[in-house]
Amino acid sequence: MRPFTYARPDTLADTLALLAERGPDARILAGGTDLVIRLRDGSASPVVVVDVKRVPELAPGIRVDAGTLVIGAGTTMTELAAHPLVRRDLAGLAEAAAVVGSVQIRNRATIAGNLCNASPAADTAPSLLVHGAVIVAAGSAGQRRIPLDGFFVRSGVTTLAPGELVLAIEIPMPASLIASAHQRRTRRRGHDLASVTLACGVDATGVTRVAYGSVGPRPILRVDASGVLADPASTDDARAAIFETIFADASPSARSMRAGPDYRLAMLRVLGRRALATAQARLAAGG
Amino acid sequence: MPSTRVPIELTVNGSRREVDVEPSATLLDALRDDLGLTGAKECCLVGECGACTVILDGRSVDSCLVLAVEADGATVLTVEGLASRDGRLSAIQTAFLDQGGVQCGFCIPGQLMSAHALLAEHPHPTRAEIEEGLAGNLCRCACYEQIFAAVEQAAHQAAAEAAS
């Protein structure tokens with residue numbers, strides 16, 4: 001690895017000051033499951049690595065605060081997948097967190113890292129989009145909230161400003177209003193990224209949200225407010241027609257090593273149907 | 001060039017250790033090169049093979065993806081810490097030998113640490129839980145069936161001892 005210095009600030013103020021002072025020379029280290037690989041292969045070569053794991057405002061943890069579920073930036077995939085409230089009310093998110101990498105990766109990888117890397121294949125992104133997640137970001141100018149659908153730009157690029165970092169992810173509650181499910185295809189469970197990753201959420205008003213990734217430069221959220229997808233009495237043909245419009249913006253790369261575009265587009269439709277059926281069953285069972 | 005090493009302090013296999021590390025050194029580097037604990041293996045270096053698996057503050061991690069400085073103040077268990085001080089193998093180590101799970105041996109320290117972490121959390125794992133618990137550990141000799149059987153043996157043995 002190319003040499004760098006290591007900073008481990010204890011306060012948010014110190015962290016923001018350091019990020020402001022060092023600009024692009026600084027890289028934030030959370031779980032390290034992506035960054036350490038990039039430090040080693042040279043695709044990231046910061047002068048200073050800023051370890052944010054001791055900043056209290058980013059601490060791992062899941063709590064309900066005034067009708068909002070707040071997930072601390074440093075919360076690991078293991079913690080997300082195991083948390084009773086997440087498993088009960090955000091089943092799609094628990095399912096997504098449980099299939100990221102291996103046990104060893106899930107013990108380190110954080111939710112904020114998964115989102116900030118902005119990989120099109122980020123597994124927690126579709127479920128968080130379906131549940132209407134909001135990013136709480138902090139910078140030297142103060143805090144702001146960014147709806148997750150306005151956060152992703154393309155692989156590795158988000159709408160975070162230079163010097164900003166993610167404190168937490170907020171999800172409006174009761175999340176049980178939306179019953180969700182996650183589906184994924186990968187070449188090798190336990191290691192590889194998703195070839196297709198998708199979540200579906202249905203609510204009692206008949207609105208269906210579908211979000212999917214690994215089929216274009218960023219995860220995509222689409223909403224069916226017609227009620228057709230959510231209606232158990234709808235025909236397969238009627239649902240298929242809605243899915244065609246939902247998946248119209250999928251644009252998988254022909255150069256990806258993971259799967260060809262035809263396979264990905266075909267699997268989107270299969271996973272969409274499966275996730276919808278599971279979400280509907282969960283809604284019928286009371287979330 | 002002046003030394004850029006930084007001092008860290010960690011507890012490894014029950015012993016307090018102090019070591020100066022480069023910020024770019026991984027926990028795996030520190031264990032192998034500075035502390036002489038060569039059980040954890042360097043292999044894929046991208047967190048896919050699990051040969052470098054150790055237990056960090058109670059959780060299994062790929063030590064090739066953890067900077068040594070991040071482990072400052074932490075408690076680490078490596079494969080060298082599984083056997084008793086007089087050299088008696090632990091139940092999971094014995095089970096690996098009994099079941100023929102150890103062939104070339106390269107992946108075994110990592111497999112053992114993942115199995116150890118799995119059994120600590122799920123003393124009676126199902127087959128599916130064993131497969132998921134060890135999904136981050138590759139075996140190029142393809143001893144998966146024997147390794148899974150070893151985990152089952154260790155779990156059964158612990159249950160039998162608890163009942164007797």
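Annotation: amide H of A:Tyr6 within the under-5 Å range of A:Val49, sequence separation 5 or more or interchain, hydrogens built in the peptide plane. Only beta bridges with both residues in the protein assembly as shown are counted; by DSSP, about 85 percent of them are antiparallel. Extension gain, B:Leu97 to B:Ala128: 0.36 nm times the residue separation minus the Cα-Cα distance gives 8.9 nm. Label sites at A:Asp249 and B:Glu145, each approximated as a point 7 angstrom past Cα along Cα to Cβ, lie 4.9 nm apart.
Could you sort A:134-142, A:273-281, A:251-259, B:113-121 so that the peptide with the highest average Cβ count within 10 Å comes first and the rest follow in order?
For the peptides A:134-142, A:273-281, A:251-259, B:113-121, the packing ranking is B:113-121, A:273-281, A:134-142, A:251-259.
Shown in residue order for region A:57-66 are the 3J(HN,Hα) couplings computed by the Karplus curve 6.51 cos²θ - 1.76 cosθ + 1.60 at θ = phi - 60°: 5, 9, 4, x, x, 10, 9, 9, 10, 6 Hz (x for Gly and Pro). Using the Karplus relation 6.51 cos²θ - 1.76 cosθ + 1.60 with θ = phi - 60°, the per-residue 3J(HN,Hα) values for region B:144-158 come to 4, 4, 5, 5, 4, 5, 5, 5, 5, 4, 5, 5, 4, 5, 5 Hz, with x marking Gly and Pro. Amide H to amide H, with H built 1.01 Å from N, B:Val54 comes under 5 Å of B:Val61, B:Ser63, counting only residues 5 or more places away or on other chains.
Subtracting the Cα-Cα distance of B:Glu9 and B:Asp33 from 0.36 nm times their residue separation leaves 7.1 nm of extension gain. In sequence order, region B:13-27 has phi-based couplings of 6, x, 10, 6, 10, 10, 8, 9, 10, 5, x, 8, 6, 8, 4 Hz under the Karplus curve 6.51 cos²θ - 1.76 cosθ + 1.60, θ = phi - 60°, and Gly or Pro positions carry x. What the Cβ-Cβ distance of B:Ala160 and A:Asp236 gives, at R0 = 56 Å and to the nearest 0.05, is a FRET efficiency of 0.60. Relative to the Cα centre, the charge distribution of region B:6-81, modelled as +1 at Lys and Arg Cβ and -1 at Asp and Glu Cβ, gives a dipole magnitude of about 280 debye.
Taking every alpha-carbon pair in chain A and binning the separations at 10 Å intervals from zero gives 7, 29, 35, 21, 7, 1, 0 percent.
Normalising by residue count, region B:6-81 has a Cα convex hull of 72 Å³ per residue. What's the long-distance tail for region A:56-172, i.e. % of Cα pairs beyond 19 Å? Of all Cα-Cα pairs in region A:56-172, 39 percent lie more than 19 Å apart. Summarising the label geometry, the points placed 7 Å from Cα in the beta-carbon direction at A:Ala204 and A:Arg269 lie 3.5 nm from one another. Legend: Rg and Dmax of region A:5-51, from Cα coordinates, 10.5, 31 Å.
Go through A:227-239, A:7-19 and give me the packing order, highest mean Cβ count within 10 Å leading.
Per-residue mean Cβ counts within 10 Å order the peptides as A:7-19, A:227-239.
Pairwise Cα separations in region A:142-265 fall into 10 Å bins from 0 onward with the following percentages, short to long: 11, 34, 35, 18, 2, 0. Between the amide H of B:Ala25 and those of B:Ala68, distances stay under 5 Å, these residues lying 5 or more places away or on another chain, with hydrogens modeled in the peptide plane.
Shown for chain B is the translational diffusion coefficient from the Stokes-Einstein equation, using the Kirkwood radius over Cα pairs, a temperature of 25 °C and a viscosity of 0.890 mPa s: 151 µm²/s.
Laboratory data are not the source of any read-out in this text; all were calculated from the coordinates shown. Being a predicted model, the structure only gives us computed values, none of them experimental. Positions of Cβ are generated from backbone atoms using ideal geometry, with glycine treated the same way; all protein chains shown enter the neighbour counts.
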